[in-house]
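Scroll down for the structure; my scribbles are underneath it.
The values are calculated or read from the model by the stated rules, or taken from the named source; none is laboratory data. Predicted model, so just to flag it, every value in this text is computed and none were measured. Cβ sites come from the backbone with ideal geometry, for glycine too, and all protein chains shown count toward neighbours. For accessibility, only protein heavy atoms count, side chains too; no ligands or nucleic acids. Shrake-Rupley method; radii C 1.70, N 1.55, O 1.52, S 1.80 Å.
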Amino acid sequence: MERKQDRAPIPADWTYASAPESREIVELRERYGHFVGGEWLEPQETYATIDPASEEPLAEVGEATEAEVQLAVEAAREAFANGWSALPGSERAKYLFRIARILQERSREFAVLESLNGGKPIRESRDVDLPLAAAHFFYYAGWADKLEYAFPNRKPKPLGVAGQVIPWNFPLLMLAWKIAPALAAGNTVVLKPAETTPLSALHFCDVLRQAELPPGVVNIVTGDGRTGAAIVKSDVEKVAFTGSTEVGKAIQRELAGTGKKLTLELGGKAANVIFDDAALDQAVEGIVNGIYFNQGHVCCAGSRLLVQESVYEDVIDKLKRRLTTLRVGDPLDKNTDVGAINSRQQLEKIQELVASGEEEGASIYQPPCRLPEKGYWFVPTVFTDVAQSYRIAQEEIFGPVLSVLTFRTPDEAVEKANNTPYGLSAGVWTEKGSRILSMTQRLRAGVIWANTYNRFDPSSPFGGYKESGFGREGGLHGLEPYLDFE
Ligand code: NDP
């Protein structure tokens, strides 16, 4: 251990023996088609999906055309009309409970696959993505036979076919957020995973087979944005989208006047506000979890840190020291804290925004860190001396990059925190309960954490204001967009 002035000792060396999770547990096919009507449809076009940590191809997957999307929508419609929508809720619940249990049983396998195709640390896919995905199926299974009680005197009924388009940051978890409430409400679905992370959704089709879900209730088509656009245009009753604000806006324009229901869960630029009376060591852990969790590929990431001036130096000092202990590298190593960036395109976007931060005058800090030679990587980064007008304080970077601003009074904190086109999430760190209550009233964000960050629960609604979208996922609020009422 080294001792630096009178501060706490910092470790001189953090050498761990590597502890890689075996990838043998996942059996991948060489080539996947589209899962339509309970069968694999041979795709007309394919592309290779890769491991972003090594750039090695993992499998060939289909690139669905409009005609293939059409087949999937027809299969979903047939399944809706031929039994699924008329099934008693208690029967639908059985399938959802089965899916939840199978996901739990096969969680190690899915965790490895999620890290392999997406680049996220196995510790996170094992401890966060998989337990939460199963929890969502359990939670909505519980509501399937209680819709009349959930919405008393409103006679809830399913909509029909839901088209669902999801992003690459939490591929299986986003699938669960979309499919579980849709099925509980009696709808059938056509879902498209993101182009860079299709494998867990395709692997999930085997869970559906194991659960003996009737054919056509869930259809999975893969492809790029064109496939997503084809789903949006197709003959579905409802579109649910999670992704960038830009694409969300395009979808909203496309659907205007069609009568199709829409929910949008878009980007964010959350403020994580640290008051001087906060437990600073805990707050620093919350800051790290807020922005470096999942390489910062998180829509609700605490990417703008607002620190009260009186504790600014202390917090930055602790934060920088904590950053030196983060381990960046092999996503399958159980010691890894920060894994690979999801794609070359995303890496370039992060690099471009970080360069803009330096050009505009912010001070950059990156801990010493050796990155693997192959794959897509970015060192955890902190920017100080950031002005509110800088791009790094305004735009969603979606990477492991934190922008630090300061404030003196609660009013100034609120004003700065709300100074963003987004409104998805926020964090407040203070020992005063009254201040938590007053801040949460004034912060314009759909989800606000107090003395913690990035906590999720299926019973708690999640969603945003302003350019972060509309509609909620999770809880009863997440069921409502999948129902019609008399
Ligand atoms: P996109 O919004 O493009 O991707 C989200 C999903 O939408 C993907 O499945 C994508 O397919 C699909 N898609 C793309 N274009 C269309 C379209 N015209 N109609 C329907 N569906 C479409 O996000 P990106 O992957 O391009 O990421 C860009 C930025 O978006 C990130 O840097 C980040 O800032 C933000 N983002 C926010 C997310 C969030 O959770 N709020 C999640 C992901 C990204 P495909 O994968 O093939 O592009």
- Task: For the stretch 376-384, take each phi angle, set θ = phi - 60°, evaluate the Karplus expression 6.51 cos²θ - 1.76 cosθ + 1.60, and give the result in whole Hz per residue in order, putting x for glycine and proline.
- Result: 10, 9, 8, 6, x, 10, 10, 9, 10
- Query: So how far, in whole Å, is the C-alpha centre of the stretch 390-446 from the one of the stretch 280-330?
  - Reply: 14 Å
- Task: Just the number, please: percent antiparallel of the DSSP beta bridges in the stretch 380-486, rounded to the nearest 5.
- Result: 10 percent
- Task: Between SER363 and LYS157, take the C-beta separation as r, use R0 = 60 Å, and let me know the FRET efficiency to the nearest 0.05.
- Result: 0.55
- Query: Separation between the GLU27 and ASP314 pseudo-spin-labels, each 7 Å from Cα along Cα→Cβ, expressed in nm?
  - Reply: 5.7 nm
- Item | Cross-link table LYS318/LYS416; LYS269/LYS318; LYS249/LYS374, entries beyond 31 Å C-alpha to C-alpha | LYS249/LYS374
- Rounded to the nearest 20 Debye, what is the dipole magnitude of the stretch 367-486 about its Cα centre when Lys and Arg each give +1 and Asp and Glu each give -1 at the C-beta? 460 debye
- Based on the alpha carbon coordinates of the chain, what radius of gyration and maximum Cα-Cα distance (Dmax) apply, in Å? 22.5, 74
- Cα-based Rg of the stretch 267-400 normalised by 2.2 N^0.38 Å, two decimals: 1.01
- Query: How large is ³J(HN,Hα), in whole Hz, for each residue of the stretch 194-205 in order, when computed from phi with the Karplus curve 6.51 cos²θ - 1.76 cosθ + 1.60 and θ = phi - 60°, using x for Gly and Pro?
  - Reply: 5, 4, 7, 9, x, 5, 5, 5, 5, 5, 4, 4
- Based solely on its DSSP helices, what 222 nm [θ] is calculated for the chain when runs of n ≥ 4 H residues each add -39,500 (n - 2.57) and the sum is averaged over all residues, nearest 500 deg cm²/dmol? -11000 deg cm²/dmol
- Using the alpha-carbon atoms, what tilt in degrees (0 to 90, nearest 10) does helix 433-442 show relative to the longest principal axis of the chain? 60 degrees
- Between GLN252 and GLU431, 0.36 nm times their residue separation minus their Cα-Cα distance comes to what? 60.3 nm
- Message: With the crude spin-label approximation of a point 7 Å out along Cα→Cβ, what separation in nm comes out for GLU78 versus ARG370?
- Response: 5.8 nm
- Item | Too-long pairs where the Cα-Cα distance tops 28 Å, listed order kept, from LYS155/LYS192; LYS146/LYS178; LYS155/LYS178 | LYS155/LYS192
- What is the helix-to-structure angle for 344-360, meaning the angle in degrees between its Cα long axis and the longest Cα principal axis of the chain, kept from 0 to 90 and rounded to the nearest 10? 30 degrees
- Message: Can you tally the net charge around SER356? Count Lys and Arg as +1, Asp and Glu as -1, for every other residue whose Cβ sits under 9 Å from the Cβ of SER356.
- Response: -4
- Quick one: what do you get for the stretch 133-185 if you divide its Cα Rg by 2.2 N^0.38 Å? 1.25
- Query: ALA185: net charge of surrounding residues, Cβ under 15 Å, Lys/Arg +1, Asp/Glu -1, itself excluded?
  - Reply: +1
- Message: Apply the a/c threshold of 1.5 to the C-alpha gyration tensor of the stretch 41-93 and tell me whether it is rounded, prolate or oblate.
- Response: oblate
- GLY228 neighbourhood, Cβ < 12 Å, K/R = +1, D/E = -1, net charge -2
- Unit Cα scatterers, Debye sum, the stretch 88-161: log10 I(q)/I(0) for q = 0.13, 0.20, 0.27 Å⁻¹: -0.50, -0.82, -1.11
- Message: What is the percent carbon and sulfur in the accessible area of the chain, measuring with a 1.4 Å probe over the protein chains and ignoring ligands?
- Response: 47 percent
- Query: Which three semi-axes in whole Å describe the equivalent ellipsoid of the stretch 387-486, each the square root of 5 times a Cα gyration tensor eigenvalue, listed largest first?
  - Reply: 27, 18, 13
- Can you give the charge dipole size of the stretch 317-387 about its Cα centre, rounded to the nearest 20 debye, using +1 on the beta carbon of Lys and Arg and -1 on the beta carbon of Asp and Glu? 420 debye
- Report relative contact order for the chain in percent, whole number only (criteria: Cα-Cα under 8 Å, sequence separation at least 6). 18 percent
- Item | Signed unit charges on C-beta, dipole axis of the chain, positive-most listed residue ASN294, ILE392, SER438 | SER438
- Task: Kindly provide log₁₀ I(q)/I(0) values, in the same order as q = 0.23, 0.27 Å⁻¹, from the Debye equation applied to equal alpha-carbon scatterers of the stretch 61-127.
- Result: -0.90, -0.98
- Query: When the dipole is taken about the Cα centre of the chain, and only Lys, Arg (+1) and Asp, Glu (-1) are charged at their Cβ, what size is it in debye, to the nearest 20?
  - Reply: 1160 debye
- Query: What full-extension length gain, to one decimal in nm, is calculated for ASN451 and TYR47 as 0.36 nm per residue of separation minus the Cα-Cα distance?
  - Reply: 141.0 nm
- Task: With label points built 7 Å along Cα→Cβ from the Cα atoms of ALA387 and ARG442, find their separation and express it in nm.
- Result: 2.5 nm
